[in-house]
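A quick write-up on the structure given underneath.
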Amino acid sequence: MAAVQQTVQQVAALEGDKYKHGFVTDIDQEFAEKGLNADTVRFISAKKGEPDWMLEWRLEAFERWQAMDEPTWAKVHYPKIDYQDLYYYAAPKAKDGPKSLDEVDPELLATYAKLGIPLKEQEVLAGVQGAPRYAVDAVFDSVSVVTTFKKELAEAGVIFCSMSEAIREHPELVKRYLGSVVPTSDNYFACLNAAVFSDGSFVYVPPGVRCPMELSTYFRINAENTGQFERTLIIADAGAYVSYLEGCTAPQRDENQLHAAVVELVALDDAEIKYSTVQNWYPGDAEGKGGIYNFVTKRADCRGDRSKVSWTQVETGSAITWKYPSCILRGDDSVGEFYSIAVTNGRQQADTGTKMIHLGKGTRSRIIAKGISAGHSSSTYRGLVSAHQKASGARNFTQCDSLLIGKHCAAHTVPYIEAKTASAKFEHEATTTRLSEDQLFYAMQRGLGQEDAVALLVNGFVREVLQELPMEFAVEAQKLVAISLEGSVG
Amino acid sequence: MLSINDLHVSVGETEIIKGLSLRVPAGQVHAIMGPNGAGKSTLSYTLAGRSGYEVTEGEARLDGEDLLGLEPNERAARGVFLSFQYPLEIPGVPSLTFIRSALNAQRKARGEDEVSAPVFLKLAREAAGKLKMDFDMLKRPLNVGFSGGEKKRMEILQMAILQPRLLILDETDSGLDIDALRIVSEGVNAMRAPHRSMLVITHYQRLLDYIKPDVVHVLVGGRIVASGGPEMAHDLEKNGYDQYAKVPA
């Protein structure tokens, strides 16, 4: 049989069971009443013991959301979501909230252990040399269950905690920055998030501090019919540096689950933020049943001169992805980067890309997007590059490459380019290729088995982007890409 | 020893190879010459196991073991190496990574230990030196942006590292200038060994001035119509293939 044809058939034969994180944790949980109204918003705010200003902020967002319409411009199709048929808050039952790891429900620890996420600092610290050492904030459904390495980070002056805690402990920082990058009414899903967000991570790196370790958040959706609305805010003050990684998984369920997160990044003068995502939400089964709707707003404000933000994403999961991590290049000579690998298989649909908005002088941006489509999936790159009148000397380089595996998948590239200054230099390159039978045969003639040959070719295709991930996660991401195309890739 | 017996190969509905028999004993170099469309490339692809080349009759064995029932990578592990007329480009995969993956895949299939990175690098460095290749080139993605001559040299380099038992050179001289031809030929000649069979497939006699065959076969219309010593190549260069065109089908 033709090698490519065989690969295609193997990919097509994949069922939902290839998803390794599809288990459900059996744990006592507390829910808000199903449905959404102002009382739901009040309930969530009260549950978290929030101050009045926060509740007011939420209620105002809720008001606005009610007047908004769900966007339809993305190249994705799904049945209408009934927002009254969802739970907006689910939390593992705990008495007072765990003070240390010893108090965390063992079921939860077991869940994260099963996902391969190190929550036990002692073990990590005592662990073998070269073991990954990074601080983790673990978010389970609507709440953050534990944050590790807080003490060590605090010594460096870095604040890394759950959003709920930040609202209580660092209200000045939250008030100043929350919603300053993604305003409440920015878009339908961001507005919904502002009203009902439950938890997420908060990071503040003070001036001149280089965060001593990688920070990461692992999001886990567990409960049924529950939307996850986390909110992340990262601020790198002048001259600070931080590298942050988020990972996401969810159980395998027949119904669709909504995930509408908001991530805001603020980089002040000379600051740098590196934000990496390895997204592996449950993608649904081969017929397209179930899976996560991943409708996420991520935006960075390069507010300071010479600031820099890099987004790196490896997207393999979710039934539908609607996501455009963007950079507002406000400061002069600020830099925005976007590196993306989006793998779709089965019936997955992804409409993803970035926006680089050049406002300051001498701003630069770089976009490398790699899409791999297999099965009956559809993958769209949608990107905006714009230069404001004042953004003299703005530069952008964009490269979008699509790799097709099989005959039933699709790849689209939709670039929007707007330059309002004649001194801007924008370059756009795009390619679409099919996994080549010739290349496969060549690699197999040299001794590589079919799966290894496909893996090698696919890895070559995404290499530029994998190189941008933090070391420990590059390997993980490489494996994830392989698993997503399992059957054809070893 | 490579032994091919009454081989028939079809591509789509068309039979290209029509009863070909051939023996290449270990330690010998045989040349296959023939006009365009005679079935030269079909023969090399069939021996390497490319899909789309359907064997309808006959057999091909390497040291007694049947090749035709094996996947391309299984044949490679048993020592079949095809030097491509047009080597493929593999974007994003450094040449060293590619060759090392191939070598270790072959070794694994044979139940041997994998070669460690330092040992492999030493191996690659030596092989590159002999072929007068800049070692930095091996760090670049395989064949991407290489000239025709560089690609062919890269094929010979892979051959030298993989140490096959059966070497098939498909139109290796195409696209080579005279200096490159000499270097590539030296590389091939260095591979001559008592346990190795070589099949040199070519349209022109030129290559055979550098790689001296023990036997020359003439392939016309999917069959071997004549065999002889090295002098036959010169005869063909002078008189062309037309003298064989009338051979009854």
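Each value in this text was obtained by applying a stated rule to the coordinates, not by laboratory testing. Model, not experiment: these values are computed from the prediction. Note that we place each Cβ from the backbone using ideal geometry, even for glycine, and neighbour counts take in every protein chain shown.
For A:Gln467 and A:Trp53, compute 0.36 nm times the residue count separating them, minus their Cα-Cα distance, and round to one decimal in nm.
Separation in residues times 0.36 nm, less the Cα-Cα distance, equals 144.8 nm.
What is the fewest-to-most order of B:Asp177, A:Asp333 by other Cβ atoms lying within 10 Å of their Cβ?
With the fewest neighbours first, B:Asp177, A:Asp333 line up as B:Asp177, A:Asp333.
May I ask you to order A:47-56, A:77-86, A:209-218 by the average number of other C-beta atoms within 10 Å around their residues, highest value first?
On the way: A:47-56: 14.9, A:77-86: 11.0, A:209-218: 20.5.
Packing proxy ranking, top to bottom: A:209-218, A:47-56, A:77-86.
Helix B:148-162 sits at what angle to the longest principal axis of chain B, using alpha carbons and giving 0 to 90 degrees rounded to 10?
Value to nearest ten degrees: 80.
Distance cut-off 19 Å, Cα to Cα: go down the list A:Lys308/A:Lys479; A:Lys361/A:Lys420; A:Lys390/A:Lys420 and report the pairs above it.
In this structure, A:Lys308/A:Lys479 lie more than 19 Å apart at Cα.
Can you figure out the FRET efficiency of B:Tyr86 with A:Ile417, using R₀ = 51 Å and their beta-carbon distance, to the nearest 0.05?
0.90
On a straight-distance basis, which aspartates and glutamates could pair with A:Lys407 in a cross-link, Cα separation under 16 angstrom, same-chain partners fewer than 8 positions away excluded?
By straight Cα distance, A:Lys407 reaches A:Glu437.
Once R0 is set to 60 Å, what does the formula 1/(1 + (r/R0)^6) return for the Cβ-Cβ distance between A:Lys34 and A:Phe397, expressed as a FRET efficiency to the nearest 0.05?
0.80
Neighbouring Cβ atoms within 10 Å as the yardstick, rank A:Cys327, A:Cys400 fewest first. Present the calculation step by step, with values, prior to reporting the outcome.
Values: A:Cys327 30, A:Cys400 24.
Result, fewest neighbours first: A:Cys400, A:Cys327.
Count the lysine pairs in region B:2-244 whose Cα atoms lie under 23 Å apart, taking only pairs 8 or more positions apart in sequence or on different chains.
Eligible lysine pairs with Cα atoms under 23 Å apart amount to 23.
For B:Glu112 and B:Ser227, FRET efficiency with R0 = 45 Å and r from the beta-carbon atoms, rounded to 0.05?
Numbers: r = 37 Å, r/R0 = 0.82.
The computed FRET efficiency comes out at 0.75.
Roughly how many nanometres apart are two label points built 7 Å out from the Cα toward the Cβ at A:Glu169 and B:Met1?
Here the answer is 8.1 nm between the modelled labels.
What nm value, rounded to one decimal, do you get for the distance between A:Ala67 and A:Ala46 when each label is placed 7 Å out toward the C-beta?
Using points 7 Å along Cα→Cβ, the separation is 2.7 nm.
Describe numerically, in nm with one decimal, the distance between label points set 7 Å from Cα along Cα→Cβ at A:Gln84 and at B:Arg140.
Result: 6.6 nm between the two label points.
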